[in-house]
Every structure is written in C-alpha cells, then in structure tokens.
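The values are calculated or read from the model by the stated rules, or taken from the named source; none is laboratory data. As the structure is a prediction and not an experimental result, all values here were calculated from the model. Neighbour counts run over all protein chains shown; Cβ positions are idealised from the backbone, glycine included.
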Amino acid sequence: MTRPNSHSDIAEMGGTPHRRFYTGGDIAKVQSIFDLRARTHRLMPDFVLEYLEGGSGEEGTLLREREAFAEWRFMPHTLVDESHRDVSVDILGRPAAMPLVVAPTGLNGVFMRGADTALAQGAARAGVPFTQSTMSNDPMEQVGAVNGLRHWWQLYVFGGEEIWQELVDRAHRNGCEALVLTTNSQIFGQREWDSRGRTASGFPTLSSTFNAALHPRWVASTMDRGMPEFANVVDFIPRDKRSFFQSADWIREQMPRSMSWDTVQKIRLRWKDRPFFIKGILNLDDVRRAKDSGVDGIILGSHGGRQTDWAVSALDILQQAREIVGPDYPLFMSGGVRRGTDILKARALGADVVMTGRATLYGLCAYGADGVAKAIELLRTEMMNELGQIGVRTLHDLDTSVLARTGDLPLRG
Ligand SMILES: Cc1cc2nc3c(=O)[nH]c(=O)nc-3n(C[C@H](O)[C@H](O)[C@H](O)COP(=O)(O)O)c2cc1C
C-alpha cells in the first residue's frame, strides 16, 4: 500500500532510482502536480499542511482515492491518426478548456492572503470555472469581479434558514453561474492530524506557532495583517467568536444535523432556474434520490477523504451512477485527481467533469494564481499527451473499451 501523504506517486516503483521533485522558484521548471506539492511542503508550516493534506480517522478513504485510479490500466490503440486531438468540452452549455472545475475549499486564507481571488484568477486564466466555498475568506463580490471568471458558489447550510437564504440570494445577485450544495459535512469529520496541532480553544499550539514562525515566506504572505476572517459569513458569527479558528469551529457547530431532502427542495426553489448541484454523494440510492429531487447535477465524492472514513471513492461507483442517471444528466466527481490520466479514466467511466481540490491548492501554495493556472495547464497537457498515447482523438470518443481493471488482468480469451 502506498502512503497517501508521501510525496510518491502511486505508480512509483520502490523509489529506485530516487525521484527528485523541483521545489524552486522558477515555475517554468515544474513538471507535474507532484512538483507543486513538493514546493508546498517546503513553504507551508506543519499545521497548514496538516489541514491541507489530512483525511479523517485512519485515512482509509484518502488512500482509496488514489488506489481507485491505480486499479485502472489503459489498453492503447495504435495506428490512429492523432494529428488533431481535443480535450475541450462544454460545461453547462458553455465551452471550457477541459472537463475540470476547481472545487470549493474553505479556509484558503491560511495558505496566503487573497487566496480565493488567486484561485479564481488561475481558473479563469486556464479557462475553467471556480467554485467558491461558504468558508472562503475573500468577499464573494471581490472574487466575482475577476476578469473572465465563471464563478460558482458552494453552500454550507448552518444556523437558521435566514443565513442560507441570504447567501443564496447574494450568490444569485452576484451572477454566480451555479450553486453547489455540500451535503456530507453536517457532522464534521474526525481529522486527527488537523486537531492535534490546535489547543482546546481552537488556537494553534505553542509548537505549531513556533513551527509557523520558521516559515518566513508564509508569515509574510499570510500573516501580515493577522489571520483573515470569513468575509462572507462574518456578520452571522457572534462577535466574541470571530477569530479565524473560532469562527470555523463555531460554523461547524451550527450545521443542523437534521438537514434533509426538504432543505434541498427549499434551496432549489430559492435558487430559481440556475444550475443547482448536490456535492458529496457516495451511495447509489442517493444518486437516484438526488436526480428525482430536481437538482441539475450530482457531484460524487468523499470531500477528499476528509469526512467518512473507509468510504468508497467516487471513481468506484461512477459506472453504476452513470447507469442510474442516464447518458445526458450532469455527473461530476471529485477525489484524488492528480494526473491527466486520472481525468481520462474518470471520463471513460462516466464522469462529465472532475473537480480538483488539492491539485490546484498545491499550485496556489507554490506560486499563487500563476501556480493555479499551471496546475490546470499541467493536467490539460497530460490529458492531451495520454489521449494520443491511447489512440483516442477526443473525449467524446473515449469509453471503457480502452480500460482494463487490474483485478481482471490478465484478460482471458
Ligand atoms: C483543504 C480543503 C478544504 C476543503 N473545503 C471544502 C469546502 O469548504 N466545501 C466543500 O464542499 N468541499 C471542501 N473540500 C473538498 C473539496 O471540494 C474536494 O471535494 C476534494 O478536495 C477533492 O479531493 P482532492 O483534494 O483529492 O482533489 C475541501 C478539501 C480540502 C482539501
């Protein structure tokens, strides 16, 4: 088994010869998401990395996210005219550079000041939509003003109904293209790594603070004016709980455990006729139910292994989910995407679009907005190359006929 939080790619053969990663300042030298990750590990303090990388419990789900991709192999065609390859797609009826949407991630202000805006700039530059989290730190309006951005809003339901109503209305007014309701976080995952670095009142421990002080570049780019606030929800938070970590904990405590499909219906009505997705589905009955409830699309996923421990990954249920929803219903997935090949596998197994959390965050941590665009561009270049390798011209021509599952190998005649 490969440790999910080692630097190694899952395909690495025992570290011989030893793989090196580029961690320097010249973005042109970056070869893969794993270089961006290595630089992130160099620049960020431990408590930030624990928040970014950690999964819940024993990290069984986090491990599965990468293993699930590794279980699929390509059976490439040869002698196919590959002069014109194309990985562009339509997302919600509008052209995108590739089938990717940047996933919502909260607390981005811990990586650098202006992080949500930088993620949005990177996504816009690379030609894909960006989803802003309810737990983001930059104001929705500031992010919405990014040139050329396709701005999506991710909703967490917490506190009384008036809070989500106001957020939904604001996202509507602000021109957000789609609303993404995350439904798997009403009970916060047990993230032991993340919790260990903090005191009972939620602040970083003395050793975390000491370690952070040893990262001057992070201190300069993140802490110049202290920790940021949660710009979009701060007014709902009691005054004495508005510090960074206390706000996050307070919001998590306010998430109603009783949220149900009725809430989904109410949000559907309030959002009117713009695209509405549910995110965080991993059970096939819920896939059926979500489609029947009138949402416009489903995002399968485990929250990057941060919620239920020992869950299946989205990739594991993709084919069956596609059968349930039919060929034309928007079906997205998130979890473990680090390579262009991952995106090709997800597409072949039935996903329209993948969402990236950590891959684009590594870009952000390593080089800001440029790094986000670089991460997306790397994934796109890898897709283009591998599409040629497997003898398929466009994503519309890609299906499971070029895939074999390792458990079924060798194939029998
Ligand atoms: C640091 C971090 C913060 C996250 N915050 C949110 C969030 O605020 N809302 C949400 O719906 N999902 C959140 N997620 C889950 C991501 O949207 C996405 O599903 C997940 O990161 C996909 O897995 P990947 O990181 O392997 O790409 C977060 C993930 C990470 C890594």
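For the stretch 101-157, enumerate the residues that are aliphatic (A, V, I, L, M) and within 19 Å of F276 (Cβ to Cβ). Even if it seems obvious, please write down each step before you answer.
Quick first cut of the stretch 101-157, residues aliphatic (A, V, I, L, M) only: 101-103, 107, 110, 112, 115, 118-120, 123-124, 126, 128, 135, 140, 143, 145-146, 149, 155, 157.
Those that are aliphatic (A, V, I, L, M) and within 19 Å of F276 (Cβ to Cβ): V101, V102, A103, M140, L155, V157.
Looking at (1) surrounded by fewer than 19 Cβ atoms within 10 Å (Cβ to Cβ); (2) within 21 Å of Q246 (Cα to Cα), find the lone condition where E166 falls short.
Just one mismatch for E166, condition (2).
Looking only at the stretch 371-404, which residues are under 19 Å from V80 (Cβ atoms) and aliphatic (A, V, I, L, M)?
M383, M384, L387, I390, V392, L395, L398, V402, L403, A404
Sort out for me the helices (runs of 4 or more DSSP H) sitting completely within the stretch 95-196 that have 3 or more residues that are within 30 Å of A213 (Cα to Cα) and at pLDDT 95 or above. Lay out the reasoning, then the answer.
On the way: elements: 115-126, 140-144, 161-173, 192-196.
Per the criteria, 115-126.
Working only within the stretch 334-355, note down all residues that are within 19 Å of T131 (Cβ to Cβ) and either surrounded by fewer than 24 Cβ atoms within 10 Å (Cβ to Cβ) or without any contact (Cβ under 8 Å) to a residue 24 or more places away in the chain (or both). Give the derivation first.
Taking the stretch 334-355 as the starting set, the residues that turn out to be within 19 Å of T131 (Cβ to Cβ) are 334-338, 342-343, 346, 351-355.
Of everything in the stretch 334-355, just one residue is within 19 Å of T131 (Cβ to Cβ) and either surrounded by fewer than 24 Cβ atoms within 10 Å (Cβ to Cβ) or without any contact (Cβ under 8 Å) to a residue 24 or more places away in the chain (or both), namely D352.
State all residues of the stretch 203-225 that are surrounded by 15 or more Cβ atoms within 10 Å (Cβ to Cβ) and touching a residue at least 60 places away in the same chain (Cβ under 8 Å); if no residue qualifies, say none. Even if it seems obvious, please write down each step before you answer.
Start the filter on the stretch 203-225 by keeping residues that are surrounded by 15 or more Cβ atoms within 10 Å (Cβ to Cβ), which leaves 203-204, 208, 211-212, 215, 218, 221-223.
Correct list: P204, S208, N211, A212, H215, W218, S221, T222.
Name the residue, out of P228, P256, that is touching a Gly at 6+ places or on another chain (Cβ under 6 Å) and in contact (Cβ under 8 Å) with a residue 60 or more places away in the chain.
Details: P256 fails: touching a Gly at 6+ places or on another chain (Cβ under 6 Å).
Only one candidate passes the filter, namely P228.
Can you tell me which residue within the stretch 62-86, out of those that are among the aliphatic types (A, V, I, L, M) and under 12 Å from I390 (Cβ atoms), is farthest from the ligand (Cβ to nearest atom)? Explain how you work it out, then say what you get.
Taking the stretch 62-86 first, the residues among the aliphatic types (A, V, I, L, M) are 62-63, 68, 70, 75, 79-80.
Imposing the further condition that a residue be under 12 Å from I390 (Cβ atoms) reduces the set to 75, 80.
Details: M75: 26, V80: 31 Å.
By that ranking, first place goes to V80.
Among the candidates L331, L364, single out the residue that is without any contact (Cβ under 8 Å) to a residue 40 or more places away in the chain and within 15 Å of the ligand (Cβ to nearest atom).
L331
Within the stretch 259-298, track down each residue that is aliphatic (A, V, I, L, M) and within 16 Å of the ligand (Cβ to nearest atom). Before the answer, list the steps.
Residues of the stretch 259-298 that are aliphatic (A, V, I, L, M), as a first pass: 259, 264, 267, 269, 278, 281-282, 284, 287, 290, 295, 298.
Within the stretch 259-298, M259, V264, I267, I278, I281, L282, A290, V295, I298 meet the criteria.
Here's the yes/no breakdown for (1) surrounded by 22 or more Cβ atoms within 10 Å (Cβ to Cβ); (2) of a type in the set (S, T, Y):
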site	(1), (2)
T105	yes, yes
V110	yes, no
Q132	yes, no
A145	no, no
H151	yes, no
I187	no, no
Q190	no, no
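Hey, any hits in the stretch 307-325 for a residue that's under 20 Å from F158 (Cβ atoms) and either β-branched (V, I, T) or out of contact with any Pro (no Cβ under 7 Å at 6 or more places or on another chain) (or both)? First the steps, then the outcome.
Within the stretch 307-325, the first condition is being under 20 Å from F158 (Cβ atoms), and the residues that meet it are 307-308.
Keeping just the survivors that are either β-branched (V, I, T) or out of contact with any Pro (no Cβ under 7 Å at 6 or more places or on another chain) (or both) gives 307-308.
Looking for residues that are under 20 Å from F158 (Cβ atoms) and either β-branched (V, I, T) or out of contact with any Pro (no Cβ under 7 Å at 6 or more places or on another chain) (or both), one finds at least one in the stretch 307-325, hence yes.
Whether any residue in the stretch 234-241 is of a type in the set (K, R) and within 16 Å of the ligand (Cβ to nearest atom) is what I want to check.
no
Of these, T61, T40, T105, which one is closer than 21 Å to I299 by Cα, touching a Leu at 6+ places or on another chain (Cβ under 8 Å) and hydroxyl-bearing (S, T, Y)? Break it down into steps so the answer makes sense when it comes.
Numbers: T61 fails: touching a Leu at 6+ places or on another chain (Cβ under 8 Å); T40 fails: closer than 21 Å to I299 by Cα.
From the options T61, T40, T105, the qualifying one is T105.
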